[in-house]
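What follows is calculated from the coordinates using simple rules that are stated; it is not laboratory data. As the structure is a computational prediction, the values presented were derived from the model and not from experiment. FYI the Cβ positions are ideal-geometry reconstructions off the backbone, even for glycines, and counts take in every protein chain you see.
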């Protein structure tokens, strides 16, 4: 994580061994599980991310991502809920 270009609100929780790449914004009551990868240029706002998720260059607001969810680059989700182990929206 690069503290000069990564913004994390005080209410955000991040699980062990999760990697946050530069230029990411974690806002509101976002909760990220363990062993996740949050790619560069990702915005998460009031979102619950399960363990082992991989998110690349996405904007996600008010969503719940199940364990193992994969979110492809340039995805925009609002209020979505993933249920499968792998989900590319």
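Brief remarks on what is shown
- Tally, over the range 19-32, of residues that are over 16 Å from residue 75 (Cα atoms), surrounded by fewer than 19 Cβ atoms within 10 Å (Cβ to Cβ) and touching a strand residue (DSSP E or B) at 6+ places or on another chain (Cβ under 7 Å): 5
- Picking from residues in the range 37-47 that are within 8 Å of the chain's Cα centre (by Cα) and closer than 17 Å to residue 9 by Cβ, the one that is surrounded by the most Cβ atoms within 10 Å (Cβ to Cβ) is 44.
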